[in-house]
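Q: Would you mind keeping the following structure in view while I ask a few things?
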Amino acid sequence: MTTDLEPGFQSLGQATARAIATRGVIHDRLQRSLLVHGPAGAGKDAFVDDLLALLFCLGADPTLRPCNVCRGCRDARGRVHPDLVIGSPERWRQERSSAESIVSVARRWLLEAAGAPVVAERRILLIEHADAANEQTQNVLLKALEEPTARHMFILVADEPSRLLPTVRSRCQPLRIGPVPRLELVDWLIDRHRVPADQADALARLSSGMAGVALAYVQDPELIAWQRRAQAELLALLRRGRADRFGSVRDLLDDAGRQGSPVPDETSGSNEEVESSRALTAVQRQGAQRLTAAWVALTRDLLMASAGRPDLASAAELVPELPDLATRIGRNGWVVFLGVLERIREGLRESAAPRLAMEVAMLEWPSLEAR
């Protein structure tokens, strides 16, 4: 699967995180617990693939790892290595019995994963979406992190490291994954994914330098069409009253919920009506999160335009008068609204009702009616 890859990391950018990981392997100074963190869509999965290949590579010279041709690299990138154990709050929730708590499942998973390595020097315990674990589950994880062994390494992956307990974060070596320069992303899309130059430039702007987001657009062009529809509607709502705004929430949520991959069914129990209701809420929550992300991107574009840099706003192609709309509200208005969206995004990660959260955003969305 990966025999045609050149040696080295295959993910884009992240020079600091790469240097920390490669130097740690070369000098055998990498901590036993790592925290790979960064915004959703930044490319954490691709970086973790590289990191696993680096750690499982069988190449004799550490300075040339990952070689991407040995069995260790291939199995690592395919995530089928016998010494790779993968867990996440979502997996633990799906694996629990009706009478079992997610904390009990996490504890059992850690015990089962703590066995001796099969073929490698150490077992790697990869915990995806670690920041989605509740406090009790994180405390179970903390006990394992407090007693690291030379035979085991933890890799935690998180969008929001602030949602991890401070005691968990303090025991991990951080590796931050973030946006990359636009021109670097453009070249990557052209060379690696054969995207035409003009389209690559548009995708790089639209994704705000997030390699994972750009790749999702390449793989599912409908996501671009949806984001443009949603942002065009939001711009139109700047000129409309409260009734029109509230009336648009349902349509925007429904359209957002139809995009991307299906939401996993994380319900439990045997009551079909309860499960159906929970599944619907999960779809609405994912739609609200997707809509909020598009809203954040649009607001940042408006903020850029209000600061005199409409050339940095990918949404400028939606409406020629974007700079005028941006300046009529003013920089401070967009800054305040960005804060509102960030609070809403945090609420959606917890238990906020998706439709109510979007209605709150609509109430706070700046208005041009009286201007």
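Q: For Cα pairs less than 8 Å apart in space and 6+ apart in sequence, what is the mean separation divided by the residue count of the stretch 1-149, i.e. the relative contact order in percent? Provide the component values of the computation, followed by the final result.
A: Numbers: 167 pairs, mean separation 33.4, N = 149.
This gives 22 percent for the stretch 1-149.
Q: Spelling out what I want: for every residue of the stretch 35-48, take phi, set θ = phi - 60°, compute 6.51 cos²θ - 1.76 cosθ + 1.60 (Karplus), and round to whole Hz; glycine and proline get x.
A: After applying 6.51 cos²θ - 1.76 cosθ + 1.60, I find 10, 8, 9, x, x, 4, x, 6, x, 5, 4, 5, 5, 4 Hz.
Q: Still on this structure, please answer the following. Specify the angular offset, from 0 to 90 degrees and rounded to the nearest 10, of the alpha carbon long axis of helix 242-257 from the longest principal axis of the alpha carbons in the chain.
A: The angle comes out at about 30 degrees.
Q: Looking only at 134, 332, 68, which one moves most when the chain is put into a Gaussian network model with springs between Cα atoms under 10 Å?
A: 332
Q: Ok, one more. Non-local amide H neighbours of residue 34 (under 5 Å, H modeled in plane, Pro and chain starts lacking H): which ones?
A: HN-HN under 5 Å from residue 34: 154, 155, 156, 173.
Q: In debye, nearest 20: dipole of the chain around its Cα centre with unit charges on the Cβ of K, R (+) and D, E (-)?
A: Details: 47 positive and 49 negative charges, 160 e Å.
The calculated dipole for the chain is roughly 780 debye.
Q: Same structure, new question: For the chain, with the dipole built from +1 on Lys and Arg beta-carbon atoms and -1 on Asp and Glu ones, taken about the Cα centre, which of 78, 253, 37 lies farthest toward the positive end?
A: 37
Q: Can you work out the Karplus-derived ³J(HN,Hα) for every residue in the stretch 170-187? Use 6.51 cos²θ - 1.76 cosθ + 1.60 with θ = phi - 60°, whole Hz, and x for glycine or proline.
A: For the stretch 170-187, the Karplus-derived couplings read 5, 9, 10, 7, x, 10, 8, 10, x, x, 10, x, 4, 5, 5, 5, 4, 4 Hz, x marking Gly and Pro.
Q: Does anyone have the angle between helix 331-349 and the longest principal axis of the chain? Alpha-carbon axes, 0 to 90°, nearest 10?
A: Once rounded, one gets 50 degrees.
Q: How many percent of the alpha carbon pairs in the chain exceed a separation of 36 Å?
A: Numbers: 20793 of 68635 pairs.
Taking all Cα-Cα pairs of the chain, the fraction more than 36 Å apart is 30 percent.
Q: Oh, and also: I need the shape label for the stretch 81-146. Rule: rounded when a/c is under 1.5, else prolate if a/b > b/c, else oblate, with a, b, c from the alpha carbon gyration tensor. All intermediate terms of the calculation are to be shown ahead of the outcome.
A: Values: a/c = 1.95, a/b = 1.64, b/c = 1.18.
Prolate, since a/c reaches 1.5 and a/b exceeds b/c.
Q: Report the relative contact order of the stretch 73-186, percent, no decimals, based on alpha-carbon pairs under 8 angstrom and at least 6 residues apart. Display every interim value, and only then the final one.
A: Details: 122 pairs, mean separation 29.6, N = 114.
Relative contact order of the stretch 73-186: 26 percent.
Q: Please report the orientation-averaged projected area of the stretch 1-138, defined via the convex hull of its C-alpha atoms, in nm². Walk me through the numbers before you get to the answer.
A: Details: hull surface 36.8 nm².
Directional mean of the projected Cα hull area for the stretch 1-138 stands at 9.2 nm².
Q: Tell me the angle of helix 135-145 to the major Cα principal axis of the chain, expressed in degrees between 0 and 90 and rounded to the nearest ten.
A: 30 degrees
Q: Additional query: For residue 123, what residues show an amide H to amide H distance below 5 Å, using hydrogens built from the backbone and excluding near sequence neighbours?
A: Residues meeting the criterion, in which the H sits 1.01 Å from N, are 152, 153.
Q: I'd like the carbon and sulfur percentage of the solvent accessible area for the chain, probe radius 1.4 Å, heavy atoms only, ligands and nucleic acids excluded. Walk me through the numbers on the way to the answer.
A: Values: 9280 of 18290 Å².
That share works out to 51 percent.
Q: Next up: Just the projected area, averaged over all directions, of the convex hull on the alpha carbon atoms of the stretch 60-189: how many nm²?
A: Values: hull surface 41.4 nm².
Averaging across all directions leaves 10.4 nm² for the Cα convex hull.
Q: Averaging sequence separations of C-alpha pairs under 8 Å and six or more residues apart, then dividing by the length of the chain, give the relative contact order as a whole percent.
A: Working: 533 pairs, mean separation 57.0, N = 371.
Once divided by the residue count of the chain, the mean separation gives 15 percent.
Q: As a test of the formula, what do you get for the chain when each DSSP H run with n ≥ 4 contributes -39,500 (n - 2.57) and the sum is divided by the residue count, at 222 nm and rounded to the nearest 500 deg cm²/dmol? Please report the intermediate quantities before stating the final value.
A: Numbers: 16 runs with 203 residues, N = 371.
Calculated from helices alone, the mean residue ellipticity at 222 nm is -17000 deg cm²/dmol.
Q: Tell me whether the stretch 138-198 comes out rounded, prolate or oblate; compute the Cα gyration tensor, take square roots of the eigenvalues as a ≥ b ≥ c, and use a/c under 1.5 as the rounded threshold. Walk me through the numbers on the way to the answer.
A: Values: a/c = 4.29, a/b = 2.70, b/c = 1.59.
Because a/c hits 1.5 or more and a/b exceeds b/c, the stretch 138-198 counts as prolate.
Q: Something else now. Could you work out which residue, out of 309, 32, 176, moves most in a Gaussian network model of the chain, that is, has the largest mean-square fluctuation with Cα springs under 10 Å?
A: Of the options given, 309 has the highest mean-square fluctuation.
Q: Under 5 Å between amide H atoms, partner at least 5 residues away or on a different chain: which partners does residue 59 have, H built in plane at 1.01 Å?
A: Distant-sequence amide H within range of residue 59: 67.
Q: Work out from phi, with θ = phi - 60° and the Karplus expression 6.51 cos²θ - 1.76 cosθ + 1.60, the ³J(HN,Hα) of each residue of the stretch 69-85, listed in order in whole Hz, and give x for Gly and Pro.
A: Working through the residues one at a time gives 10, 6, 4, x, 5, 5, 5, 5, 5, x, 6, 10, 5, x, 9, 10, 10 Hz.
The values are calculated or read from the model by the stated rules, or taken from the named source; none is laboratory data. Just so it is clear, the structure is predicted and the values come from calculations on it, not from any experiment. As a convention, Cβ positions derive from the backbone with ideal geometry for all residues, glycine included, and neighbour counts pool all protein chains shown. Ligands, DNA and RNA are stripped out before the accessible areas are found, and what is left, the full protein with its side chains, is counted by its heavy atoms. Shrake-Rupley method; radii C 1.70, N 1.55, O 1.52, S 1.80 Å.
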